[in-house]
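In what follows, a single structure is set out as structure tokens and then discussed.
The values are calculated or read from the model by the stated rules, or taken from the named source; none is laboratory data. Remember, predicted model here, so these are calculated numbers, not experimental data. Note that each Cβ is placed from the backbone with ideal geometry, even for glycine, and that neighbours are counted across all protein chains shown. Calculation scope for accessible area: heavy atoms of the full protein, side chains included, ligands and nucleic acids excluded. Shrake-Rupley method; radii C 1.70, N 1.55, O 1.52, S 1.80 Å.
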Amino acid sequence: GLALSHCVGANSLCPAGPWRSGGPCKMKRVRTVFKPEQLERLEQEFLKQQYMVGTERVDLAATLHLTETQVKVWFQNRRIKWRKQSMEQKAAKLSQFGVIQPATADSTDIKDHEEDTVDVEL
């Protein structure tokens, strides 16, 4: 399961359980710290496949002495990091070829107008 740290807040009196959100006391989940060997193996598996499911995930978790949830969340977070890096690399390449101009302090009126017409999801 999830490890919970001590009660944090101004009041040291904790509610009956960590599921209660009201009051000054909130339970905080302890962040998993992976060993270098675990990270190396997780990265190796990620290079092979970005999605780890079923018995493969169970087996990997057992091999690394982690929970299945820890492996699942690590893969979710790694995919987000991978997508972000891919987008940044793509933007850098387009910028290099002049398709997208990098933002500068002295941007032109045309650039300012383009920024004003960007759709924003709410």
Note down the accessible area of PHE75, probe 1.4 Å, to the nearest 10 Å².
0 Å²
Considering only protein heavy atoms, what is the solvent-accessible area of THR69 at a probe of 1.4 Å, reported in Å² to the nearest 10?
80 Å²
In nm, to one decimal, how far is the modelled label at LYS35 from the one at ARG79, with both set 7 Å along Cα→Cβ?
2.8 nm
Probe 1.4 Å, protein heavy atoms only - accessible area per residue of region 34-93 in square angstrom
72 Å²
Diffing region 30-46: the Karplus 3J(HN,Hα) column from phi (6.51, -1.76, 1.60, θ = phi - 60°), in whole Hz with x for Gly and Pro, holds 7, 6, 6, 10, 7, 6, x, 5, 5, 4, 4, 5, 4, 5, 4, 5, 5
Rounded to 0.05, the calculated FRET efficiency for the beta carbons of TYR51 and LYS26 at R₀ = 41 Å is 0.80
From highest to lowest solvent-accessible area (probe 1.4 Å; ligands, DNA and RNA excluded), VAL71, VAL53 read VAL53, VAL71
